[in-house]
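Okay, so here's the structure we're looking at.
The values are calculated or read from the model by the stated rules, or taken from the named source; none is laboratory data. In this text the structure is predicted, and so the values were computed from the model without any measurement. Every residue, glycine as well, gets a Cβ built from its backbone with ideal geometry; the counts of neighbours run over all protein chains shown. Heads up: the accessible areas ignore ligands, DNA and RNA and are worked out on the full protein's heavy atoms, side chains in. Shrake-Rupley method; radii C 1.70, N 1.55, O 1.52, S 1.80 Å.
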Amino acid sequence: MYEDAEGTRLLCSLDEPQDIEGRRHYEVRDARGGAIGTIQRIAPLKHALKPTWRIAQPGHPEIVSSAEWAKGGPREMVQRGAGKLLLGVVQAVADMGAEGGDQPAKPRVLEWKAGDELVLTSEGDLRFLVRAAWLDRRLVFAYALLRTR
């Protein structure tokens with residue numbers, strides 16, 4: 001991946017993926033070949049349709065998307081689900097009678113956390129908002145490209 005359209009200034013590169021315990025690990029490297037971090041692709045379980053992803057940057061907790069937050073246990077999952085359900089009902093009522101009939105579906109918004117810190121939000125494959133100053137943007141860029149492969 002290059003900084004410029006001519007492909008003369010290397011931004012970062014990805015090593016060939018390594019399969020470790022059923023997960024694909026992509027090492028992201030800077031222009032000099034130094035490791036920036038790792039992106040993991042975890043194959044979906046039988047009931048899930050999409051893979052999950054994790055981002056690791058040395059010196060920081062692993063970054064996990066809201067698609068994986070179920071680790072917090074059933075109570076936390078129910079609380080989150082109830083909040084989203086309520087928001088969905090309110091939005092559906094507010095959208096009733098909106099001009100143009102059915103509205104196109106919005107891409108899924110994911111929140112990414114490292115521990116309890118919100119570090120990134122992503123909307124589908126198109127929009128990424130880095131919220132933690134320490135997060136290396138090259139990892140986000142590499143993740144965005146890997147998702148579209």
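Filtering Leu139, Leu129 for residues that are assigned to a helix (DSSP H, G or I), at pLDDT 55 or above and not aromatic (Phe, Trp, Tyr) leaves a single hit, Leu139. For the range 1-68, list the strands (runs of 3 or more DSSP E) that sit wholly inside it and hold at least 2 residues that are surrounded by 12 or more Cβ atoms within 10 Å (Cβ to Cβ); which are they? The strands (runs of 3 or more DSSP E) meeting that bar are 23-29, 35-42, 52-56, 63-65. Note on the range 134-144: residues that are over 13 Å from Ala114 (Cβ atoms) and exposed (fewer than 15 other Cβ atoms within 10 Å of the Cβ) total 2. Residues considered: Pro51, Pro17. Of these, the only one that is farther than 19 Å from Leu135 by Cβ and in contact with a Phe, Trp or Tyr (Cβ under 7 Å, 6 or more places away or on another chain) is Pro17.
If the condition is being open to solvent by 60 Å² or more (accessible area, probe 1.4 Å), closer than 16 Å to Gln57 by Cα and in contact (Cβ under 8 Å) with a residue 12 or more places away in the chain, then the range 112-133 contributes Lys113, Glu117, Arg131.
Among the residues of the range 44-85, not one is farther than 28 Å from Leu146 by Cα and modelled with pLDDT of 60 or more.
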